[in-house]
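Working notes for the structure below.
Laboratory data are not the source of any read-out in this text; all were calculated from the coordinates shown. The structure displayed is predicted, hence computed values, not measured ones. Positions of Cβ are generated from backbone atoms using ideal geometry, with glycine treated the same way; all protein chains shown enter the neighbour counts.
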Amino acid sequence: MKKNAKNPAAKGASNGDLHAPRPGDSSRFYGTPLPGVNTEELSGNLIVIEGTDGSGRSTQIALLTEWLESEGFAVQTMGLRRSALVGEDIDALLAENAVTRLTLALMYSTDFFDQLERRILPALRSGLIVLADRYIFTLIARAAVRGISRDYLHGIYEIALKPDLTFWLNVRPEVAFDREFKKSHTISYWESGRDMSLSNDLFQSFIRYQSMIKHEFEYLSRRHAFTELDGEASVSEVNKQLRKQIAAELGIRSTHYHPSHALAHLWR
Amino acid sequence: MSTRAADIASPSDSSGEDSPIAKRPYPGALVVVEGIDGSGKSTQLYLLKRWLEIGGYRLHFTEWNSSPLVKSATRRGKQRRLLTSTTFSLLHAADFADRCERQIMPLLHGGYLVLADRYIYTAFARDAARGCSPHWLRNLYSFAPTPDITFYFRAPLDVAVTRIVAGRPKLKFYEAGMDLGLSLVRTESFRIFQERILNNYDQMIETDHFVLMDGTVQVNRLQKLMRQIVGERINLAQFAPKKK
């Protein structure tokens, strides 16, 4: 029902071709370029892993980092709320929970661009491989399910750098719930969308919220050509798929890898 | 109450077709002042506010960059000089969104006359002068309600710059546009930066229906004109104290 309320707004403003990636456009950005960036200097690669909490993103990033380092590539990671500029402020806003959806969306975008400009771009200039634990897509999906129009969000993020590869670890909300519960023995306020008053039953709230997010990701996946992987497969299987695609992108011949003793516990 | 609100709903808010969030009509009104530093806009808005306050009107005054929510981030960004043109712009937009959603919109829906010292046009003029794309900025602020009146106070660059430089011991880093590398001399950088902003404002006079006010006119004469325009364009009776 909520879905219908949001769609007209998104469709109504669909002069969206303006922001849609143009075919044959070799630009590194989705639309207007980020001010002050010479893309010729960017010799590194940006690889994004998207997926909900419980989809196995951080496990895969830890394993990929080790594999890439063993292959001689320097790796830089990024994730949400890690900027020096506003990372802590967002934590405080979330804890306080007096913040409105638009302000929160814009604080997340500030956090994102601070990391992009002061961390990712310098790393890419130095030829590093940047592994992003989530990217603009999570930020767009979260804001869109809260009723902020997709065109508005794409307009903000049109100045973001396009990743070389975007993987989506797709898991069913029920599986994400099991994994999250096993990990932290509770379900977080924001991951269950409790600010949206979906249900007083937290399990229901979590499932409904994550289903809405998943729906947004299906749309984003088509629009931005994600590589969708079955996040419910075993860690080693998902990792194998990731290595195969990344190896092809970076020109690594062998995709052989077995985790070191330190990471062996992740390999199940 | 609801029928009354519908009768006097401001026509300006119906322009929300492309709004990122759902907009609905409101009974309040929004009056905005814009202009470069030293153009006299704050003085004039203060005098307008005093006139209305003394008359007992239902009003609220709001300023650019005054929300406690993102204050610590803004301060940190400025002190440690972490801000780029993009993050500078986004942080101010987050700040404005907070004020807009928690203060300006509820007050407009509650039937207040809202007076704003600087509004989204400040961001359009200043952030574009820092290198942000005007098209990107327009989208970023598309959630903001359109003002009923936007007064644009225009003073010649020399007059405005002299007023500011004489009144302050030292210009701040971002205020002077030092992040742009225009000049190593702070007052010179400030001048070039303000000139760019002034040009950007001028380009919005027609597109955004600014009411042009000559900032060199005597304060009391200018205020008389301002009050006259507000009286003509806004039905002040709806904000007047209710007689019992």
Self-check item: Convex hull of Cα atoms in segment B:103-244, direction-averaged projection (nm²)
Solution: 11.0
Quiz prompt | Calculated [θ] (222 nm, deg cm²/dmol) that DSSP helices of n ≥ 4 give over chain B, each run adding -39,500 (n - 2.57) | solution = -14500 deg cm²/dmol
Quiz item: In chain B, how does Rg compare with the Kirkwood Rh, expressed as the Rg/Rh ratio over alpha carbon atoms?
Solution: 0.97
Quiz prompt | Cα extents of chain A along the three principal axes, largest first (Å) | solution = 50, 44, 34
Exercise. For segment A:166-227, just say rounded, prolate or oblate: build the C-alpha gyration tensor, square-root its eigenvalues into a ≥ b ≥ c, call rounded for a/c under 1.5, and beyond that prolate if a/b exceeds b/c, oblate if not.
Key: oblate
Quiz item: Quick one: A:80, A:202, fewest Cβ neighbours within 10 Å first, how do they rank?
Solution: A:202, A:80
Quiz prompt | Three-way shape call for segment B:45-95 based on the alpha-carbon gyration tensor, with the a/c threshold at 1.5 | solution = prolate
Exercise. Could you work out the relative contact order of chain B, using alpha carbon pairs under 8 angstrom and six or more residues apart, expressed as a whole percent?
Key: 29
Self-check item: Likely footprinting exposure, B:98, B:214, B:158, B:117, fewest C-beta neighbours within 10 Å first
Solution: B:158, B:214, B:117, B:98
Practice problem: Just rank A:195, B:148, A:114, fewest to most, by other beta-carbon atoms within 10 angstrom. | Solution: A:195, B:148, A:114
Practice problem: Pick out which of A:213, A:159, A:140 has the largest mean-square fluctuation in a Gaussian network model of chain A, springs linking Cα atoms closer than 10 Å. | Solution: A:159
Practice problem: Could you work out the mean count of beta carbons from other protein chains within 10 Å of each residue's beta carbon in B:77-89? | Solution: 5
Quiz prompt | All-pairs Cα distance distribution in the protein assembly as shown, expressed in whole percent, bin size 10 Å | solution = 3, 17, 26, 24, 16, 9, 4, 1, 0
Quiz item: Shape call for segment A:33-106 from the C-alpha gyration tensor, a ≥ b ≥ c root eigenvalues: rounded (a/c under 1.5), prolate (a/b greater than b/c) or oblate?
Solution: oblate
Quiz prompt | Per principal axis, descending, Cα span of segment B:160-244 in whole Å | solution = 61, 32, 25
Exercise. Determine the shielding of peptide A:76-85 by partner chains: average, over its residues, the number of Cβ atoms on other chains within 10 angstrom of each Cβ.
Key: 2
Practice problem: Give the relative contact order (percent, whole number) for segment B:20-147; include only Cα pairs under 8 Å separated by 6+ residues. | Solution: 45
